[in-house]
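Peer 1: One structure, pasted below without further comment.
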Amino acid sequence: MVKLSMILTGLAAASVQALPLQRRIAQSIPASTQKWEQACRAAGGGERCNPISVTAFSTLLAGAGPCEQQDAADTMVNLAKQLGSDEMIRLSQIFAQQPRNTPNSIAVPYCQKAPQNAELNGLFQCQFVGANQEKFIGGANIGEPGTIPFGLNAPVNPLGSCPANPGGPIADGSQLVDQVQSPGAPNAPNAPAPAPPAETTASAPAETTAAPPAQTNAPTGGGAGGNGGFVLANGQAAQRLNAKFATLNANSPCTAGENACIGAAFAQCVGGQFVTNSCPASTVCVALPLVNSPGTSITCANLADAEDRIARTGATGGIAGNGAAGGNDDSTPAPSPTVVAEPEETAAPSPPAPTANAPSTGAGGFRLANGQAAQALNQKFAGLNAGSPCQAGENACVNGGFAQCVGGTFAITQCAGGLTCAALPLVNAPGTSITCTTEADALARIQATGATGGITG
């Protein structure tokens, strides 16, 4: 009897050991397009950069279709061509090869159609090393449809490799763009030397989803007479902001929607109090001068890069100039909410999603229209659910979470504790924003416009 018990125990242990270990393999998806977005802004892409970046990194989620990543890379290349940026093309090619999330430690199927752009020909995603390279999502085994990249007639060798990383799969959760310079493509532009990290957006402070840092206006005068005259003023404005930020702490008074740096963290004012979120490793929160227009941005960046960017404007004295926090503060923070943490990945701080401009009827006349427009949106959102049809790039609130349309379906990011998604009226311009906030704050902002009837009118 004892022997039989030992045998059964051994068989049970063997059967447990034989079961494949299945676990989700994920990544910080915003990091996959962060450098592309930086290159896009440097090339003059402006507000066109972030929506494309967000749509692209969303295709790395486990629920995305097999060709959505390639389609997004095509869109990235299209804009790169419009802006004439080889760097953007190079980064688009690398993005097209970034592994996608796998919910159960098996390989992700390959796209089975040609890309629109020749620059993407022959490119396909790597796999994460922890995935079973012979089993694919959907139940296919190696060699079956979807397990061989388009244009090839045999499985990749070694399994899990891609043109940019021909030696095999990459480490779980890592970013290909941080590991390679060349996309390994015959049509790739020459890869430049690695650039220092520029404006790396921070993980979620308190309100909305994925996008660029908040901008503040800088004076166009002050040593600025001719070509590029705002450049020095931008550098000096960034220094003044950094000097001001050095005096702040988590208990400093603030105005709703105000963005700042507290210590090394990105901060946003929510309910009269700063909510902070740590910057990624090796970066700190800092005000930086814009390059192509008057103004500054508040973002997470490498300290050496921040110092260099300010110095290149002609401003002297380092990050904070002479350290004087007084003087003319050029910051006019817009009510631009920032990101919440995604349930699967951590997103980066974003501006609010702009909606159709409301009409203005004189001084301040747009405010009531803004309030009514926000009410109309909130009423519309109340009728939406995760299965509602949507258009690519559309933003909404669904069941209290911030939602973005990806591949015809809403991808929902739940708001931080105590917050709910709502459309809010802009204060200083016609329009609305969609963000995470408290119900009391949303109601107060709408009522302040003169609109009646509560959040939904």
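Peer 1: Answer with yes or no whether G257 is modelled with pLDDT under 95 and over 22 Å from the mean Cα position of the chain (by Cα).
Peer 2: Working: modelled with pLDDT under 95: yes; over 22 Å from the mean Cα position of the chain (by Cα): no.
Spelling it out, it is not the case that G257 is modelled with pLDDT under 95 and over 22 Å from the mean Cα position of the chain (by Cα).
Peer 1: For segment 114-149, what are the residues that are in contact with a helix residue (DSSP H, G or I) (Cβ under 9 Å, 6 or more places away or on another chain) and part of a loop (DSSP other than H, G, I, E, B)? Let's see the steps before the verdict.
Peer 2: Narrowing segment 114-149 to residues in contact with a helix residue (DSSP H, G or I) (Cβ under 9 Å, 6 or more places away or on another chain): 114-117, 119-120, 123-126.
Selection gives A114, P115, Q116, N117, L123, F124, Q125, C126.
Peer 1: Restricting attention to segment 99-151, which residues are open to solvent by 20 Å² or more (accessible area, probe 1.4 Å) and polar (S, T, N, Q)?
Peer 2: Result: N104, Q112, Q116, N121, N132, Q133, N141.
Peer 1: What are the pairs with Cβ atoms under 9 angstrom where one residue, in segment 246-260, is charged (D, E, K, R) and the other, located anywhere, is assigned to a loop (DSSP other than H, G, I, E, B) and open to solvent by less than 40 Å² (accessible area, probe 1.4 Å)? Sequence gap at least six, or different chains.
Peer 2: Listed by first residue and then by second, the contacts come to E258/S331; E258/P335.
Peer 1: Search segment 34-45 for residues being over 13 Å from the mean Cα position of the chain (by Cα) and assigned to a helix (DSSP H, G or I), and hand back the single one that is surrounded by the most Cβ atoms within 10 Å (Cβ to Cβ). Steps first, please.
Peer 2: Initially, segment 34-45 is screened for residues over 13 Å from the mean Cα position of the chain (by Cα), giving 39-45.
Subsequent filtering for residues that are assigned to a helix (DSSP H, G or I) retains 39-42.
Working: A39: 23, C40: 26, R41: 22, A42: 18.
Going through the qualifying residues, I end up with C40.
Peer 1: Okay, next question. Of the residues E68, E47, which is of a type in the set (D, E, K, R) and modelled with pLDDT of 85 or more?
Peer 2: Values: E47 fails: modelled with pLDDT of 85 or more.
Every option except E68 fails the conditions.
Peer 1: Can we say G272 is under 29 Å from Q404 (Cβ atoms), modelled with pLDDT of 70 or more and open to solvent by 40 Å² or more (accessible area, probe 1.4 Å)? Walk me through how you get there before you give the answer.
Peer 2: Working: under 29 Å from Q404 (Cβ atoms): yes; modelled with pLDDT of 70 or more: yes; open to solvent by 40 Å² or more (accessible area, probe 1.4 Å): yes.
So G272 passes the test.
Peer 1: A further question on this structure: Name the residue, out of A315, A311, that is surrounded by 20 or more Cβ atoms within 10 Å (Cβ to Cβ) and either of a type in the set (F, W, Y) or at pLDDT 85 or above (or both).
Peer 2: Values: A311 fails: surrounded by 20 or more Cβ atoms within 10 Å (Cβ to Cβ).
Testing whether each residue is surrounded by 20 or more Cβ atoms within 10 Å (Cβ to Cβ) and either of a type in the set (F, W, Y) or at pLDDT 85 or above (or both) leaves just A315.
Peer 1: When residues of segment 46-75 are filtered for being within 16 Å of the chain's Cα centre (by Cα) and open to solvent by less than 20 Å² (accessible area, probe 1.4 Å), how many remain?
Peer 2: The number of residues fulfilling the criteria is 12.
Peer 1: Any chance you could count how many residues in segment 409-428 are outside any strand (DSSP E or B) and either modelled with pLDDT of 80 or more or open to solvent by 40 Å² or more (accessible area, probe 1.4 Å) (or both)?
Peer 2: Residues of segment 409-428 outside any strand (DSSP E or B): 414-419, 426-428.
The next check asks that each one be either modelled with pLDDT of 80 or more or open to solvent by 40 Å² or more (accessible area, probe 1.4 Å) (or both); those that pass are 414, 416-418, 426-428.
Here the count works out to 7.
The values are calculated or read from the model by the stated rules, or taken from the named source; none is laboratory data. Quick caveat, the model's predicted, so the values are computed rather than measured. Methodologically, a virtual Cβ is constructed for each residue, glycine included, from the backbone with ideal geometry; neighbour enumeration extends over all protein chains shown. Ligands, DNA and RNA are stripped out before the accessible areas are found, and what is left, the full protein with its side chains, is counted by its heavy atoms. Shrake-Rupley method; radii C 1.70, N 1.55, O 1.52, S 1.80 Å.
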